[in-house]
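Right, one structure below, let's go through it.
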Amino acid sequence: MKKNLLSVLVLALVLVNVILSAVMMFSVLSTNKKTAALVNSVASILNLELEQPGAEETKEVPMSDLAFWNLDGKMTIPLLNVEGDDGKPHYLVLDGIAFSMNTKEKGYKTYGEDVAAGAYASVIKDTITSVVSEHTVAECTNNFEDIRDEILDRVKELFDKDFIYGVAISSRQIQ
């Protein structure tokens, strides 16, 4: 009789163990699904942030559709001084600044020939000066591509058109 009672007790404990394991699996499974959904949403947000904000796909413009305008002369622009610097004023000397303009855009018909003729040279120089003077020596040394993109964006805002396609700076020197 003791063996039968012990067998029934073991069978009951095994049955309780199976029921508790099933309950635990269902509760862990639903939590696991919620966690997986959260991880997927965070991963999708991070993938969106890997792209630069505002950097829509730029269409490639053939070289035959581009007109170029060279900004005459060198530009010497004072840079932003920060604490911990050597205290001396620093300057960025830019030479060989060229803008490429898409001749097929609507804005080119309005502004393009005037830009190419140099009618807006002083306004564009002022825009370049204001962009560069907001940056430090370290930023000009390490992230000049970002500064060049910022110059392009600000010049595009100046004309409120996308006919200005790119900016090229052939020489830069920090003094």
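Structure data summary
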quantity: Any hit, the stretch 68-83, residues being of a type in the set (Ser, Thr, Tyr) and modelled with pLDDT of 80 or more; calculated: yes
quantity: Residue in the stretch 119-154 that is nearest to THR76 (Cα to Cα), counting only those that are under 18 Å from the mean Cα position of the chain (by Cα) and of a type in the set (A, V, I, L, M); calculated: VAL131
quantity: Any chance SER170 is hydroxyl-bearing (Ser, Thr, Tyr), in a helix (DSSP H, G or I), surrounded by fewer than 18 Cβ atoms within 10 Å (Cβ to Cβ) and out of contact with any Ser or Thr (no Cβ under 9 Å at 6 or more places or on another chain); calculated: no
quantity: Any hit, the stretch 89-103, residues being on the phi > 0 side of the Ramachandran plot and not polar (S, T, N, Q); calculated: yes
quantity: Number of the condition not met by ILE97 [criteria: (1) within 19 Å of GLY73 (Cα to Cα); (2) more than 25 Å from the chain's Cα centre (by Cα)]; calculated: (2)
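Residue by residue, here is whether (1) surrounded by 14 or more Cβ atoms within 10 Å (Cβ to Cβ); (2) among the hydroxyl-bearing types (Ser, Thr, Tyr); (3) at pLDDT 85 or above holds:
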site	(1), (2), (3)
TYR120	yes, yes, no
VAL132	yes, no, yes
THR136	yes, yes, no
ASN142	no, no, no
ASP149	yes, no, yes
VAL155	yes, no, yes
PHE159	yes, no, no
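The values are calculated or read from the model by the stated rules, or taken from the named source; none is laboratory data. Keep in mind the model is a prediction, meaning the values are calculated, not measured. Glycine gets a Cβ as well: all are built from the backbone with ideal geometry, and neighbour counts include every protein chain shown.
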